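The values are calculated or read from the model by the stated rules, or taken from the named source; none is laboratory data. From a predicted model like this one, the values you see are computed outputs, not experimental measurements. All Cβ positions, even for glycine, are placed from backbone atoms using ideal geometry, and neighbour counts span all protein chains on display.
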Amino acid sequence: MALTQNSADNAWNLNLSDGNMNTNYKFNQNRVRPVSALIRKTYSYKIKMIDFETILEAYFDCRKRKRSTVGATEFELNYVHNLVELMNEVNSRQYRIGKSICFVVRYPRYREVFAGDFRDRIIHHYIALRLEPLLEQIFCDRTYNCRKGKGQLAGVTQLAEDIREESGNYTQDAYVMKVDLKGFFMSIIKSKLAKMIDDFIVEHYEGDDKEDLRWLCKLVIMHRPELNCERRSPLWMWNHIPKEKSLFTNGEDRGIAIGNLFAQLFANFLLNTIDWKIDAVCVRHDRYVDDISFVSRDKAKLLAIIPMLREELGKLGLRLNEKKTYIQHYSKGVKFTGAIIKPGRIYVANHTVNSFALAVRRLGRAAENGVIDDMVKEIASVNSYLGIMSHYNEYATKRRIMAQLPPKFYEYCYIEGHFEVVKLKYKYTEKAIYMNIAKNIMNKRDERFEENTYRTGDKLAS
């Protein structure tokens, strides 16, 4: 069955005999013309609608890191049918966003998170695949979150380099100003963001699916997940979240859900004009979401930026968090995205060190109990912290905390390199266990075979 056209002579074909999808000569026997082509004739839109290839691309992009989740597994069981259904819903404007999952994380502080249904995440990736390349062309080089080739480590490294250059390799006075936005994601005005994104698409996007993209962007931005969600955390946990930081209580037109892909992408777009205005006043700055650091030898120049920030943020309905805004000499160190930057060295923040210590203690308890499954889980947690700390000047910290592991730990595990990674000894790995089981089965089979051979030989001899 042909699903959609691939080229002039080929089509994506679902082979009903074996369930495989291939790109074949579209006039093969036992094939029919694409379903999407028939749909285009049925609906009265004068635009080219999304096709199977584009929704399939979004699906594969979406499942990269979600394939083991329940939602992704259920969708994959019949993914061709599900994708065709999703495509048809969008093309007929019948698509509606499904139920979200809502929960509260407690560390490092109480925060509300919404996670969309898997099929809705496919739509988020469909949007991102089209807009991200265009947005990358206009983004300032000084913003680092959710960007290819950037990230948290790149931001920290660049800020450390800015401090080194402004201070003349730590020989002159220089100052760092830190600012933070008050309740950034929950303060975003949905209608304003939707209008800005729509204007951007109209001006810059040239794809045939422009109208679909405009409609989907407005739908996901204006969506209110709090009206259709499943709470996965106890209700008392919301008592620790200020009213202005929860979608349930902060107002109808405010806030976008933390946890969805488009939230980070569109948040970057929202603050992009401010990035360029800061860049125009020739002050080094680095931004990761709403965490912004400025570096200059001139303290007055840094102070002069604050009124401009207040004005520009006010136009977007946002505010500075005055309690978290400060200026100090670079030698005192500056905290940026979970790292502490000091002259010539960088450390991880204290809360990361504390989390690492807790993970090491849990691994030690699992080793003392001799539970392999628990050890595998905690090894993954410890290794994630070791990976983070490997980029910073934290060898002594790693050594001090790993020294707390009990002797029983070394019966099951070993530490590779200079506290680089923890590994389970091979004989306790899943592969080794299964190999031993298989070996035992084969040995028993051979014993039974030999026993039967002896008995047969005895009968023949008699």
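Criterion first (more than 26 Å from the chain's Cα centre (by Cα) and either at pLDDT below 95 or surrounded by 19 or more Cβ atoms within 10 Å (Cβ to Cβ) (or both)) does D279 satisfy it?
On the way: more than 26 Å from the chain's Cα centre (by Cα): yes; either at pLDDT below 95 or surrounded by 19 or more Cβ atoms within 10 Å (Cβ to Cβ) (or both): yes.
Spelling it out, D279 is indeed more than 26 Å from the chain's Cα centre (by Cα) and either at pLDDT below 95 or surrounded by 19 or more Cβ atoms within 10 Å (Cβ to Cβ) (or both).
For D198, all conditions in the list (1) buried (at least 16 other Cβ atoms within 10 Å of the Cβ); (2) part of a helix (DSSP H, G or I); (3) touching a residue at least 60 places away in the same chain (Cβ under 8 Å) hold save one; what is the number of the exception?
(3)
For residues that are in a helix (DSSP H, G or I), of a type in the set (A, V, I, L, M, F, W, C) and farther than 30 Å from I189 by Cα, tally how many sit in the range 292-341.
Of the range 292-341, the ones in a helix (DSSP H, G or I) are 299-315, 322-324, 330-332.
If we keep only those that are of a type in the set (A, V, I, L, M, F, W, C) too, we end up with 300, 302-306, 308-309, 313.
Then drop every residue that is not farther than 30 Å from I189 by Cα, which leaves 300.
Total meeting the criteria: 1.
State which residue is surrounded by the most Cβ atoms within 10 Å (Cβ to Cβ) when the search covers only the range 201-230 and only residues that are acidic (D, E) and under 25 Å from A115 (Cβ atoms).
Ranking the candidates gives D212 first.
Scan the range 168-180 and report the pairs whose first residue is under 13 Å from V334 (Cα atoms) and at pLDDT 95 or above and whose second residue is surrounded by 14 or more Cβ atoms within 10 Å (Cβ to Cβ) and aromatic (F, W, Y), with Cβ atoms within less than 6 Å and a gap of 6+ or a chain change.
Once the first residue is under 13 Å from V334 (Cα atoms) and at pLDDT 95 or above and sits in the range 168-180, its partners that are surrounded by 14 or more Cβ atoms within 10 Å (Cβ to Cβ) and aromatic (F, W, Y) give A174/Y330; V176/Y330; M177/F294.
Any chance the range 109-116 includes a residue that's at pLDDT below 95, hydrophobic (A, V, I, L, M, F, W, C), surrounded by fewer than 19 Cβ atoms within 10 Å (Cβ to Cβ) and under 30 Å from N354 (Cα atoms)?
From the range 109-116, those at pLDDT below 95 are 109-116; that's our starting set.
Narrowing further to those that are hydrophobic (A, V, I, L, M, F, W, C): 113-115.
Still in the running and surrounded by fewer than 19 Cβ atoms within 10 Å (Cβ to Cβ): 113.
Of the ones still in play, those that are also under 30 Å from N354 (Cα atoms) are 113.
Scanning the range 109-116 turns up at least one residue that is at pLDDT below 95, hydrophobic (A, V, I, L, M, F, W, C), surrounded by fewer than 19 Cβ atoms within 10 Å (Cβ to Cβ) and under 30 Å from N354 (Cα atoms).
Let's see how each residue does on (1) under 25 Å from the mean Cα position of the chain (by Cα); (2) on the phi > 0 side of the Ramachandran plot; (3) surrounded by 19 or more Cβ atoms within 10 Å (Cβ to Cβ):
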{"residue": "R232", "(1), (2), (3)": "yes, no, no"}
{"residue": "L235", "(1), (2), (3)": "no, no, no"}
{"residue": "I241", "(1), (2), (3)": "yes, no, no"}
{"residue": "E244", "(1), (2), (3)": "yes, no, no"}
{"residue": "T249", "(1), (2), (3)": "no, no, no"}
{"residue": "A257", "(1), (2), (3)": "yes, no, yes"}
{"residue": "N260", "(1), (2), (3)": "yes, no, yes"}
{"residue": "N268", "(1), (2), (3)": "yes, no, yes"}
{"residue": "L271", "(1), (2), (3)": "yes, no, yes"}
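State which residue pairs qualify: first residue more than 22 Å from M402 (Cα to Cα) and surrounded by 10 or more Cβ atoms within 10 Å (Cβ to Cβ) and inside the range 418-446, second residue modelled with pLDDT of 75 or more and not β-branched (V, I, T) in any location, beta carbons under 6 Å apart, and separation of 6 or more residues or different chains.
Here the result reads A432/Y426, each pair linking the range 418-446 to a residue that is modelled with pLDDT of 75 or more and not β-branched (V, I, T).
Go through (1) more than 30 Å from A359 (Cα to Cα); (2) touching a strand residue (DSSP E or B) at 6+ places or on another chain (Cβ under 6 Å); (3) without any contact (Cβ under 8 Å) to a residue 40 or more places away in the chain one by one and return the number of the condition Q137 breaks.
Failed condition: (2).
Looking only at the range 325-371, filter to residues that are more than 28 Å from K178 (Cβ to Cβ) and of a type in the set (G, A, S); which one of those is farthest from the chain's Cα centre (by Cα)? Full working, then the answer.
Taking the range 325-371 first, the residues more than 28 Å from K178 (Cβ to Cβ) are 359-371.
If we keep only those that are of a type in the set (G, A, S) as well, we get 359, 364, 366-367, 370.
Numbers: A359: 22, G364: 30, A366: 29, A367: 31, G370: 33 Å.
The selected residue is G370.
May I ask you to list the residues in the range 258-274 that are part of a loop (DSSP other than H, G, I, E, B) and either under 16 Å from K182 (Cα atoms) or among the aromatic types (F, W, Y) (or both)? It would help to see each step written out before you state the result.
Quick first cut of the range 258-274, residues part of a loop (DSSP other than H, G, I, E, B) only: 258-260.
Correct list: I258 only.
Give me the residue from the range 139-168 that is under 22 Å from the mean Cα position of the chain (by Cα) and among the hydrophobic types (A, V, I, L, M, F, W, C) and, out of that set, surrounded by the fewest Cβ atoms within 10 Å (Cβ to Cβ).
Within the range 139-168, the match that is surrounded by the fewest Cβ atoms within 10 Å (Cβ to Cβ) is A154.
Could you look through the range 379-417, keep only residues that are touching a strand residue (DSSP E or B) at 6+ places or on another chain (Cβ under 7 Å) and of a type outside the set (A, V, I, L, M, F, W, C), and pick out the one that is surrounded by the most Cβ atoms within 10 Å (Cβ to Cβ)?
The initial filter retains those residues of the range 379-417 that are touching a strand residue (DSSP E or B) at 6+ places or on another chain (Cβ under 7 Å), namely 379, 382-383, 386, 388-389, 392-394, 402, 412-416.
Imposing the further condition that a residue be of a type outside the set (A, V, I, L, M, F, W, C) reduces the set to 383, 392-394, 412, 414, 416.
Working: N383: 17, Y392: 18, N393: 14, E394: 23, Y412: 18, Y414: 12, E416: 12.
Taking the candidates together, the pick is E394.
Mind checking which residues of the range 390-417 are within 18 Å of I346 (Cα to Cα) and assigned to a loop (DSSP other than H, G, I, E, B)?
S390, H391, Y392, N393, E394
On the basis of being free of Cβ contacts under 8 Å to residues at least 12 places away in the same chain and surrounded by fewer than 20 Cβ atoms within 10 Å (Cβ to Cβ), does G333 make the cut? Before you say what the answer is, go through the steps one by one.
Values: free of Cβ contacts under 8 Å to residues at least 12 places away in the same chain: yes; surrounded by fewer than 20 Cβ atoms within 10 Å (Cβ to Cβ): yes.
Yes: the conditions hold for G333.
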